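Undergrad: This is the structure I want to talk about, given as structure tokens.
The values are calculated or read from the model by the stated rules, or taken from the named source; none is laboratory data. Worth saying up front: this structure is predicted, and the values here are computed from it rather than measured. When we count neighbours, we look across all protein chains shown, and the Cβ atoms used for this are built from the backbone with ideal geometry, even at glycine. Only protein heavy atoms, including side chains, enter the accessible area calculation; ligands, DNA and RNA are left aside. Shrake-Rupley method; radii C 1.70, N 1.55, O 1.52, S 1.80 Å.
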Amino acid sequence: MTYPGRTLSLALTLSAALPFTAATADAPGIDLAGIDRSVAPGDDFFAYANGAWYKATAIPEDRATYGASAIVYDRTSQRTVELIQDAAKTEAAAGSVERKVGDYYTSFMDEAGIEAKGLTPVRSKLDAIAAIADRRSLSRYLGTTLRADVDALNATNFYTDNLLGLWVAQDLDEPSRYVPFLLQGGLDMPERTYYVDPSPQMAETRARFQSHVVKILELGQIADAAARGARVVDLERRIAEVHASREDSSDVKKSNNHWKRDALDRSAPGLDWAEYLSAAGLGAQSEFVVWHPAAVTGIAALVASQPLDAWKDYLTFHALEHHAAVMPAAFGQESFAFHGTVLQGTPMRRDRWKRAVDATGGALGEAVGQMYVRKYFPPEDKARIEAMVLHLIAAFDRRIDRLDWMAPKTKAMAKAKLKTLKVHVGYPDRFRDYSSLEIVRGDAYGNDERAELVEYRRNLAKLGKPIDRGEWVMTPQTVNAVNLPVMNAMNFPAAILRPPYFDPARPLAMDYGAIGAVIGHEISHSFDDQGALFDDSGRLNNWWTEADFAHFQASADRLVKQYDAYEALPGLHVKGKQTLSENVADVAGLSAAYDGYRMSLGGKPAPAAQGLSDDQQFFVSFAQSWRQKMREALLRQVIVGDSHAPDAFRADVVRNLDAWYAAFDVKPGQKLYLAPADRIRVW
Ligand SMILES: [Zn+2]
């Protein structure tokens, strides 16, 4: 079974430009004007809650989708841009995070300064590559390129252009300690398919890739670029051939391979591991988890079998391209022409200031995050959501008690896991310390390089220390959420805690219906068939019985049928099986949010608001949080490949809750009506 690390997937298709919608302060609460009262809630709840909005809204030209998440994303970007640009204008105290953020941004924006330096910043690296004289010094140089730039289970990033990538995380066998995970890398193109797929389209892409490599070498004033470029492409193809597939990468059971230090020499000969690891600062490390064993073996063998000069050309190309964003303009243009236009079809490069904002957020994520929450996320907001989380957890606890399909022993494990679950809200208790990161105004290249190195060292420093369960993998200014399966924790960044998901100025029923259901959805993943892989300590240890799986499957099959029946476009149906895990989580999340809301009232009645009873507020707020318009082409792509159903159908999950029928007087014969026995209660 695979365990794809799950983010919330708000179907954010980021716009190439940021056409800021005017940040109008909407009145708090339900968007009454967006409701279409000509539709009966029992016939099409999404259309009832969003129909008027849907008719009045056009998808912006540079986007494939538009709705609640895009609106929140735009507003957050605008705030982040302002914070960073303000920091750049005011000279904050030396050493302060504001100063670092401002200096990083200003340096990135200094195009003339970067142009004037030419190749000077990368010169020492090129000299070091030229001086490589044997396999030993090659291995040593390769060791200096290792960075903490991959993540196998949380943010799930399997790509690094360095030969290998490092992820320092909890040992899946012994979760009380950190171990270094070694992942495959070394390709310039995104994935092995690009190198090995025989289709004419990929062959064409490979031809363009070769020109791209040659062009970068030429820009670096490397002699004989055409012949060298061909060698680089050939070496990358060999690396790709030994790479694991994406599917294998996300299979935890295939990947959890503990190797003692000497096993690297024995099972992956060719690379001089002593030199490599000592250059990488891992010389004393006695054990590794080799996530891609065949690839690590294959790559190490290539270090010995391929000509030294091919390796030097390869490293020269990578050294020239890796920091292209902060090199003279021609490098960035060439890098975008290939990676942006050829590989992704994006015609236009984003404005420099937008790239500068992203780069600053990448290098100093939690520094920008600190500034963001100080201005936009007061402690009262955090407290309000943390109180909601307690009620949601209590609701789950009761639901587990009442489950009739789970064995008592499994229930006890589920409850234990619920007890140790950490739901982090807004921002980490302790922000990352950037004091060792030197940001020099006017040194964009050096800043970029040092930021990577400091992040790498921060990860190395975790080895041998107790697990920090407070660590975040998303920055506070990210509009998304993430479940960290090994940590048994979740991150709900401040940026998603905004209307229409959350608004302290409106009744609680609306918050429970929107962000409450999202939090419930994520919590349920920790207990479902995939969460079953990791126990309460984060150990890879399946705690479900065979019978639990069978019973879970039986309820699940009925939900598959419910979604299979949805027709998104004429003749095109939602795929119930492909979206099953997410649909189960949607039912569970909304149910727990509803129970949690009832508990929060402590038996007291809640007042109507905006002409809606509290249950109506809960459900309409839920459906409005899923409002989205999508272009047909993207909708087809989502149906074919996404593990989530299209947002409109996610809103219709309400039909599985009894309370929804009472709230909107839904009657048999209406399109969404389900007889009580047909309403799904997996949890
Ligand atoms: Zn999910």
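Undergrad: Mind listing the phi-derived Karplus ³J(HN,Hα) values for region 256-272, rounded to whole Hz, using 6.51, -1.76 and 1.60 with θ = phi - 60°, and x for any glycine or proline?
TA: 7, 9, 7, 10, 5, 3, 6, 5, 4, 5, 6, 8, 9, x, x, 7, 7
Undergrad: I've got another one for you. Can you list residues from other chains, or at least 5 along the same chain, whose modelled amide H is less than 5 Å from the amide H of ALA489?
TA: The list, which skips near neighbours in sequence, is LYS422, LEU484.
Undergrad: Enter the accessible area per residue of region 127-206 (Å², integer; probe 1.4 Å; all protein chains in place).
TA: 36 Å²
Undergrad: According to the square roots a ≥ b ≥ c of the eigenvalues of the Cα gyration tensor, what is the shape class of region 119-212, taking rounded for a/c under 1.5, prolate for a/b larger than b/c otherwise, and oblate for the remainder?
TA: oblate
Undergrad: Can you list residues from other chains, or at least 5 along the same chain, whose modelled amide H is less than 5 Å from the amide H of LYS629?
TA: Amide H neighbours of LYS629, under 5 Å, 5+ apart: TYR66, GLY67.
Undergrad: Sticking with this structure for a sec: State to the nearest 20 debye the size of the charge dipole of the chain about its Cα centre, where the only charges are +1 on K and R beta carbons and -1 on D and E beta carbons.
TA: So the magnitude is around 640 debye.
Undergrad: A further question follows. What is the ratio of the Cα radius of gyration of region 525-683 to 2.2 N^0.38 Å, where N is its residue count, to two decimals?
TA: Ratio of Cα Rg to 2.2 N^0.38 Å: 1.15.
Undergrad: How about region 433-475: which trypsin sites (Lys or Arg not before Pro) there lie in a loop by DSSP and see at most 14 other Cβ atoms within 10 Å?
TA: ARG469
Undergrad: State whether region 379-432 is rounded, prolate or oblate according to the following rule on the C-alpha gyration tensor (a ≥ b ≥ c being the square roots of its eigenvalues): a/c under 1.5 gives rounded; otherwise a/b larger than b/c gives prolate, and the remaining case gives oblate.
TA: oblate
Undergrad: Using the C-alpha atoms of region 277-338, what convex hull volume per residue, in cubic angstrom, is computed?
TA: Expressed per residue, the convex hull around the Cα atoms of region 277-338 is 149 Å³.
Undergrad: Quickly rank 534-542, 567-575, 620-628 as a protection proxy: mean count of other C-beta atoms within 10 Å, highest first.
TA: Peptide ranking by packing, descending: 620-628, 534-542, 567-575.
Undergrad: Give the long-range amide H neighbours of PHE181: residues separated by 5 or more places, or on another chain, with amide H under 5 Å away, using H modelled in the peptide plane at 1.01 Å from N.
TA: TRP167, VAL168, ALA169, VAL289
Undergrad: Rank-order 497-509, 546-558 by packing density, defined as the average count of other C-beta atoms within 10 Å over each peptide's residues, highest first.
TA: The most tightly packed comes first, giving 497-509, 546-558.
Undergrad: Each residue of region 390-404 in turn: what ³J(HN,Hα) in whole Hz from Karplus with 6.51, -1.76, 1.60 and θ = phi - 60°, glycine and Pro shown as x?
TA: 4, 5, 5, 5, 4, 5, 5, 4, 5, 5, 4, 4, 8, 4, 9
Undergrad: Okay, next question. Which value, in Å², gives the accessible area per residue of region 380-470 when a 1.4 Å probe is used on the protein heavy atoms?
TA: Counting only protein heavy atoms, the per-residue value for region 380-470 is 51 Å².
Undergrad: While we're looking at this one, here's another question. Let me understand region 160-279 better: what is its radius of gyration from the alpha carbons, and its Dmax, in angstrom?
TA: In Å, with Rg to one decimal and Dmax whole: 17.5, 53.
Undergrad: So, one more: Note down the relative contact order for region 197-295 as a percent, whole number, built from C-alpha pairs under 8 angstrom at least six residues apart.
TA: Relative contact order for region 197-295 comes out at 26 percent.
Undergrad: Of PHE377, HIS391, ALA407, whose Cα points farthest to the positive end of the dipole of region 363-411 (charges on the beta-carbon: +1 Lys, Arg; -1 Asp, Glu; origin at the Cα centre)?
TA: The one lying farthest along the dipole's positive direction is ALA407.
Undergrad: Can I ask one more? With each pseudo-label sitting 7 Å past Cα toward Cβ, what's the ARG246-ALA461 distance in nm, one decimal?
TA: Using points 7 Å along Cα→Cβ, the separation is 3.5 nm.
Undergrad: Moving on. Rg and Dmax in Å for region 468-552, alpha carbons only: what are they?
TA: That works out to 15.4, 47 Å for Rg and Dmax.
Undergrad: If each residue of separation counts as 0.36 nm, what is the full-extension length gain between ASP678 and ARG469 once their alpha-carbon separation is subtracted?
TA: 71.2 nm
Undergrad: How do HIS424, HIS525 stack up against each other in accessible area, from largest to smallest, with a 1.4 angstrom probe?
TA: My answer, sorted largest first, is HIS424, HIS525.
Undergrad: State log₁₀ I(q)/I(0) for the chain at q = 0.06, 0.08, 0.09, 0.11 Å⁻¹ as given by the Debye formula over alpha-carbon point scatterers of equal weight, solvent excluded.
TA: With one equal scatterer per Cα and no solvent, log10 I(q)/I(0) is -0.37, -0.66, -0.84, -1.24.
Undergrad: How many nm is it between the label spots at ASN256 and ASP404, if each spot is 7 Å from the Cα in line with the beta carbon?
TA: 3.4 nm
Undergrad: May I ask what percent, to the nearest 5, of DSSP beta bridges between residues of the chain are antiparallel?
TA: For the chain, the DSSP antiparallel bridge percentage is about 75.
Undergrad: Moving on to the next point. How would TRP353, TRP405 rank on accessible area, largest to smallest, probe 1.4 Å?
TA: Largest accessible area first, the residues go TRP353, TRP405.
Undergrad: Pop out the ³J(HN,Hα) list for region 238-243 in order, Karplus 6.51 cos²θ - 1.76 cosθ + 1.60 with θ = phi - 60°, rounded to Hz; leave Gly and Pro as x.
TA: Per-residue couplings from phi come out as 5, 5, 4, 4, 8, 5 Hz.
Undergrad: Same structure again: Just tell me which aspartates and glutamates come within less than 17 Å, Cα to Cα, of LYS561; anything on the same chain fewer than 8 places away is out.
TA: GLU582, ASP586, ASP652, ASP678
Undergrad: Could I ask something else about it? Contact order normalised by length for the chain, with contacts defined as Cα pairs under 8 Å and 6 or more residues apart; what percent is it?
TA: That works out to 20 percent.
Undergrad: Can you tell me which lysines have their Cα less than 23 Å from the Cα of LYS125? Leave out same-chain residues fewer than eight positions away.
TA: Reachable lysines: LYS117, LYS215, LYS312.
Undergrad: Pop out the carbon and sulfur fraction of the accessible area of region 510-637 as a percent, whole number, probe 1.4 Å.
TA: That share works out to 53 percent.
Undergrad: So for region 544-636, averaging the separation of alpha carbon pairs under 8 Å that are six or more residues apart and normalising by length, what relative contact order in percent results?
TA: Relative contact order here is 14 percent.
Undergrad: Mean residue ellipticity at 222 nm from the helices of the chain, using -39,500 (n - 2.57) per DSSP H segment of n ≥ 4 over the full residue count, to the nearest 500 deg cm²/dmol?
TA: Rounded to the nearest 500, it is -15500 deg cm²/dmol.
Undergrad: Let me ask something additional. Please report, as a whole percent, how much of the solvent-accessible surface of region 307-410 comes from carbon and sulfur atoms (probe radius 1.4 Å).
TA: 57 percent
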